[in-house]
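The structure appears right after this line, and notes come after that.
The values are calculated or read from the model by the stated rules, or taken from the named source; none is laboratory data. Being a predicted model, the structure only gives us computed values, none of them experimental. Quick reminder, even Gly has a Cβ in these numbers, built from the backbone with ideal geometry, and neighbours come from all protein chains shown.
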Amino acid sequence: MRSDTDPKDEIRQEVRKSYAQVATGQPSGIGCCAPSTGTEGTCCSTADYSTRLGYTQEDLDSVPQGADMGLGCGNPRAIASLKPGEVVLDLGCGGGFDCFLAAREVGATGRVIGVDMTPEMISKARANAKKANAAQVEFRLGEIEHLPVADSSIDVIISNCVINLSPDKEQVFREALRVLKPGGRLAISDIVAAAELPEEIKADLKLHSACVSGATEIGELRKVLKAAGFVRIVIAPKDESREFIKDWAPGRKLEDIIVSAAIEAEKPAPGCCGTGCC
């Protein structure tokens, strides 16, 4: 029997459901130490996991309790080079962890906007912002494929292990380009495919929510970014990430097919030739 369900919407609904469960503390099969389904990984604390990703204890101590839920695969701020007064957008902000850290760097004259498609996450992030008295941070409900953000209003876009969850990455990056100011930049940590994903993994919705099935091969991701209009594209796989990825689902050898990467790119500035040399 033919299904009338849009496959892309089916993915979005599964991801939204899974992360709503994370936000409300329900069992979800995803998390900092064993985000995939099936065999459980070696458990560790959220703080331990985050320090493995490159965050410092000072980072962890500076945010409201519960903001860090161990859902990342890197530290996008490490490559963002944020400056006081900049406007930062976090795609898939979750509980607001990276937003609160970014706010410290952009200062009182800057601004941070977090967008997430899961209402429960937005509620959690707003409650955390109130606890932190973070006046320059705001959270908006919306899909990263259809950002509730004005054209050419953002200096820097950050994101941590979220874009791989989207079933329409081409649209995500078109939207990213739209909202960035000319000369604005991407600074993203995400999961990419180091090899062709097996069909059984691609078809597994639970593994999609676990940041596995939606991973794009590096060469293809570069093409997507270029087609969207970005220049100065750099995709740097982090081989050390295999050490925590192998804990996600021991025995499934995920570390052989996916890897965390630092992804950087820029929106062309006025007069840019568009070749990536400007």
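Structural remarks
- Test: residue in the stretch 101-112 that is farther than 27 Å from residue 182 by Cβ and of a type outside the set (Val, Ile, Thr): no
- Leading residue by the ranking (modelled with the lowest pLDDT) among those in the stretch 18-46 that are loosely packed, with under 15 Cβ neighbours inside 10 Å and in contact with a helix residue (DSSP H, G or I) (Cβ under 9 Å, 6 or more places away or on another chain): 27
- Strands (runs of 3 or more DSSP E) (entirely within the stretch 177-278) containing at least 1 residues that are among the basic types (Lys, Arg), without any contact (Cβ under 8 Å) to a residue 60 or more places away in the chain and in contact with a Gly (Cβ under 9 Å, 6 or more places away or on another chain): 231-237
- Yes/no for residue 269 being under 18 Å from the mean Cα position of the chain (by Cα) and either of a type in the set (Phe, Trp, Tyr) or at pLDDT below 95 (or both): no
- Residue pairs meeting the criteria (Cβ under 6 Å; at least 6 apart or on separate chains; first on the phi > 0 side of the Ramachandran plot, in the stretch 78-99; second in a helix (DSSP H, G or I) and not acidic (Asp, Glu)): 94/121; 96/125; 96/128
- Some residue of the stretch 180-190 being of a type in the set (A, V, I, L, M), under 21 Å from residue 76 (Cβ atoms) and in contact with a Phe, Trp or Tyr (Cβ under 8 Å, 6 or more places away or on another chain): yes
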